[in-house]
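The values are calculated or read from the model by the stated rules, or taken from the named source; none is laboratory data. Bear in mind the structure is a predicted one, so any value in this text is a computation, not a measurement. Using ideal geometry, Cβ is built from the backbone for each residue, glycine included, and neighbour counts are taken over all protein chains shown. Just the protein is used for accessible areas: all its heavy atoms, side chains included, with ligands, DNA and RNA removed. Shrake-Rupley method; radii C 1.70, N 1.55, O 1.52, S 1.80 Å.
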Amino acid sequence: MNKTINIALVSHVDWTSHGGVQKHTLALGKALKKLGVSVTYISPTPQKTNPPQPHIQIGQLIRVPTPNGSWGSISRTIKTPNQIRDIITKNKFDLLHFQELIAPSISWQIIKVSSVPNLATFHTGWNKNAPQESLQPLINQIGQNLKPYLTASIAVSPTAAQTNRQIIQPPLHIIPNAVDLSLFTTRHPKPKQVDSNKLNLLFIGRFEERKGLPHLLQSLKYLPSNLKAQITLNIIGSGPQIQLVKKQIKELNNKPTINLLGYVSDSQKAAYLQHSDLFIAPSTGGESFGIVLIESLAAGTPVIAGNNDGYSYLLRHYPYKDGIVDVTNHHLFAQIITHLATHPRLRRQLSRWGKTFANQYSADKIALKHLNLYQKILSNYQPLIYSSPRSPHNIGFYKTQSKPKKILLLHGQKGGALRFKSIITYLSRDYQVIAPDLPGYGNSPTNQPHTTDHYTDILKRWISDQKLSNFSIIGLSMGGIIAIKLLKKLNFQPEKLILLATPVNHKHLTLNTKQNLIKFLTHPYLLKYPQIYQGIDRIIKSDRLMTALYQLIQPNIIDSKTLAYEIDQWRQQPSRVMAETAHDLLQTDLTQEPPNNIPTIYLYTPKDNYVNMKQTIPAIKAILPNTKFISLNLDKHVPQGEISLQLVKQLTKSIKL
């Protein structure tokens, strides 16, 4: 691929802080530029704080506690989908590379309007038995919402892959964090707090529970008395446990000598790493990789690390196996420190090993792996061409490269055409796919009323104006209802009809589905604020889950004034789409439609949580007698659940039957 690849590294990070995601993203961006890749950073960080350039600010930052026991940021933007799309189009990005998708952020909004390949790197990780595992149902909900928009996924380690398993979209690639090693291999002057006549220990990290500093201080009590006098511990960082740390230091009575240094510059940190005898990283969990371990090893300083899943995997080939320790066992922890403190030859051996080991994580080598992946993704990618809504039908639509065989893809009630991007991309290998956003969905403005009859009439006229013919139709749930209604209105017969879990009668909806639809229509909050019928999805271009998270974390963020302002910003879609389509579904009855012998494939799962298949299948046979039924091994209503590779391949196979 000779063309210069133009990518955006999209993240919700605060560039004024220096966490692992920031370090990786910055190092990766710099190394990619050296390889000839055009890189732009997109984040909610204000330009005045001097983020890496070129940089596009989208949204604003909100600091919140994170599930792994640290602090992080969420972000949001009031830019409309079209405004975000214009940014992507104007900059002619070939690919968007998202850094971390697990947190509510601008990434959730950007990914849903991106028509280029979307790649995500997952960083967050915690131990398999960690309390945070209780969040997996929530992560699963996030995954269902975001997975369909992903082209491929990267995890920085198996720990990160395990934690984010509900969001990751295959194919999955394990590519570790990129580390700028030059800072740690270039020699720096010895800091004055490093005593050449003593054994110098070093801790770097935030003073928070998962980083384990209190465990290190507690273990120092159990060092031999003569060794305590020979040790200096330098501590870089600060955080919420500062008072506890100070109390523990006071109890140690200056044995050993301890220096609280606060935060220091990157060059000072490198100097401390180079001139220390041991680096100690006693994290108990919440680690998926360990950039600071790579930095220490690159500087030639041996490490003692907590045996959390992330560190244990990274150091799985460490020559001194006992150096990965249960830091909550303070006696054992003290024994490991004592052993390395009293064996300088072993420390020298570990130092030599570490310098060689760290080299594989150099940003240049990791960037090359990324470039190879970018090229692979783009070589298999069929560009999606977007046509903006135009009068009189006001239907925006996506289409792939022209091919003899065509498919019209009609989306369901929850989400526009781009939710099925993975299906569109896969099918585009053999077909031209045309995927409209029905009015009120995606970027198509409203055309009331929002009923399947109205959508059918608009689509019939739109198909005629677009001069479409000789195509097959894929209808996803509600889209299938529209497809069946289209059959009797078109002046030609489509080649084939493929339906996914389409209900044909409201009586065939499961009881739980009916109750949920009724609850939506009669929710007291919606009755109190009828303008919310315009759809929370339309306010922040995400799902209701994102709003719920914001309300839990920042209860004042969606107050009535803000809500009114947001709705004003989204006036391009002033509809009650969700409410009206829900009402329409509760009245659906296709059982009286005249039979049609069009070749039909009906894909379904017996475990459908939305449609009662025992009632639906006989009804489909009655109105579409030339139907072949194919059961999928999925556990949810197809358009709501995971857009899996199994589903995509079965769709392709069905069209060819």
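Within a straight-line Cα-Cα reach of under 18 Å, residue 355 can be paired with the following lysines, leaving aside sequence neighbours fewer than 8 residues apart in one chain: 269, 321, 365. In order along the stretch 410-416, the phi-based Karplus estimate (6.51 cos²θ - 1.76 cosθ + 1.60, θ = phi - 60°) of 3J(HN,Hα) comes to 10, 6, x, 6, 9, x, x Hz; Gly and Pro are listed as x.
Which of rounded, prolate or oblate describes the stretch 159-201 when judged by the alpha-carbon gyration tensor and an a/c cut-off of 1.5? Prolate, since a/c reaches 1.5 and a/b exceeds b/c. Between the beta carbons of residue 264 and residue 49, assuming R0 = 22 Å, the FRET efficiency works out to 0.65 to the nearest 0.05. Among 617-628, 170-181, sorting by the average number of other beta carbon atoms lying within 10 angstrom of each residue, highest first, gives 170-181, 617-628. The amide H of residue 155, built 1.01 Å from its N in the peptide plane, has 122, 173, 174, 175 as neighbours under 5 Å, considering only residues 5 or more places off or on other chains.
Take the alpha carbon gyration tensor of the stretch 204-314, find the square roots of its eigenvalues, order them as a ≥ b ≥ c, and report rounded if a/c is under 1.5; if not, report prolate when a/b exceeds b/c, else oblate.
Rounded is the answer for the stretch 204-314, as its axis ratio a/c remains below 1.5.
Here the stretch 285-370 exposes an accessible surface that is 49 percent carbon and sulfur, computed with a 1.4 Å probe and the other protein chains kept in place.
Here's how it looks for residue 403: its modeled amide H is under 5 Å from those of 432, which are all 5 or more places away or on a different chain. When the pairs 405/649; 489/649; 496/621; 34/92; 92/421 are compared against a 23 Å limit on Cα-Cα distance, 489/649 fall above it. In order along the stretch 272-285, phi translates into HN-Hα couplings of 5, 5, 5, 9, 8, 8, 9, 9, 10, 10, x, 4, 8, x Hz, rounded to whole numbers, per the Karplus curve 6.51 cos²θ - 1.76 cosθ + 1.60 with θ = phi - 60° and x for Gly and Pro. Short-range pairs are left out: with C-alpha atoms under 8 Å and at least six residues apart, the relative contact order of the stretch 378-429 is 32 percent.
Highest mean first, what order results for 114-123, 236-245 on Cβ atoms within 10 Å? Intermediate results must be reported in sequence, preceding the final value.
Details: 114-123: 23.7, 236-245: 15.6.
Highest-to-lowest ranking by the protection proxy: 114-123, 236-245.
Near residue 259, the amide H atoms lying under 5 Å from its own belong to 233, 234, 235; only residues 5 or more places off or on other chains count, and H is placed 1.01 Å from N. Remark: the stretch 90-219 carries 33 Å² of accessible area per residue (probe radius 1.4 Å; ligands, DNA and RNA excluded).
Taking a straight line from the alpha carbon of residue 414, these aspartates and glutamates sit under 19 Å away, with near neighbours fewer than eight places off in the same chain left out: 437, 453, 537, 543, 580, 584, 608, 635, 642.
Residue ranges 466-478, 42-54 sort as 466-478, 42-54 when ordered by packing (mean number of other C-beta atoms within 10 Å per residue, highest first).
Here residue 91 and residue 492 are evaluated by their C-beta separation; at R0 = 25 Å the FRET efficiency comes out at 0.05.
In terms of its C-alpha gyration tensor, the stretch 319-473 has a prolate overall shape, because the principal axis ratio a/c (a ≥ b ≥ c, square roots of the eigenvalues) is not below 1.5 and a/b outweighs b/c.
For the stretch 238-251, 3J(HN,Hα) computed residue by residue from phi via the Karplus equation (6.51, -1.76, 1.60; θ = phi - 60°) reads 6, x, x, 8, 4, 5, 4, 4, 4, 5, 5, 5, 4, 5 Hz, glycine and proline entered as x. Available extension along the chain between residue 338 and residue 628 is 97.2 nm, counting 0.36 nm per residue and deducting the alpha carbon span.
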